[in-house]
Amino acid sequence: MFDFDGEPDQEKRIEKLKAQLETLGEGLSDHSGLSADMEEEFLKHILAFETAEPTSLLQWLENAGQDVPPPDELDDAQLHARLWEVIDRMASLGAYLHNTNHLSDRELYTYLLEDGLREDAAVP
C-alpha cells in the first residue's frame with residue numbers, strides 16, 4: 001500500500017489518494033457529503049482493494065486454517081461434514097453459495113475445490 005500518512009495536510013493526502021486512483025483508471029464519484037476523515041479512509045480502502053494482489057478464496061480458506069482435502073480422500077459422511085465446514089468458513093469471509101441445491105454434496109464439494117474456490121476473489 002502507498003504511504004500517504006507522511007503528508008501532514010489532510011487535504012493534500014486526499015488529493016494524492018485521488019490522483020493515485022485516477023492513475024489506476026478508477027473514476028471517482030463525488031464524496032462531498034463525507035467528512036474529510038471518512039473520505040480519506042474510504043479512498044484508502046478503495047486504493048488498497050484496487051492494488052491488492054489477486055488471490056483465490058481457496059487461499060483465504062487455507063490461510064484461515066481450513067483444510068480442503070480432495071474429495072476422493074473423504075467418505076460420504078466426512079465429505080458432508082467438510083463441505084459444511086467450508087461453507088461456514090466461506091460465510092465468515094463474506095462468500096456465499098446460491099443456486100446449488102441441484103448438486104449432491106460430492107458434486108458441490110468437487111466443484112468448489114476444482115473450480116469455484118480457485119477463481120480470483122476479493123476477500124476482506
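The values are calculated or read from the model by the stated rules, or taken from the named source; none is laboratory data. In this text, all values refer to a predicted model and were calculated from it rather than measured experimentally. Here Cβ is always computed from backbone atoms with ideal geometry, including for glycine, and neighbour counts include all displayed protein chains. What goes into the accessible areas is simple: the full protein's heavy atoms, side chains included, and nothing from ligands, DNA or RNA. Shrake-Rupley method; radii C 1.70, N 1.55, O 1.52, S 1.80 Å.
Look at segment 43-80 and say how many of its residues are among the aromatic types (Phe, Trp, Tyr) and open to solvent by 90 Å² or more (accessible area, probe 1.4 Å).
1
Which one is farthest from the chain's Cα centre (by Cα) among residues in segment 81-90 that are charged (D, E, K, R) and loosely packed, with under 15 Cβ neighbours inside 10 Å?
For segment 81-90, the residue satisfying everything is Glu85.
Mind listing just one residue for me: the one in segment 14-42 that is among the charged types (D, E, K, R) and more than 20 Å from Ala52 (Cβ to Cβ) and, of those, surrounded by the most Cβ atoms within 10 Å (Cβ to Cβ)?
Glu39
Output the residues belonging to segment 26-57 that are touching a residue at least 40 places away in the same chain (Cβ under 8 Å) and under 11 Å from the mean Cα position of the chain (by Cα).
Those that are touching a residue at least 40 places away in the same chain (Cβ under 8 Å) and under 11 Å from the mean Cα position of the chain (by Cα): Phe49, Ala52, Pro54, Thr55, Ser56, Leu57.
Does segment 91-100 contain any residue that is more than 19 Å from the chain's Cα centre (by Cα), more than 26 Å from Glu22 (Cα to Cα) and either among the polar types (S, T, N, Q) or at pLDDT 90 or above (or both)?
yes
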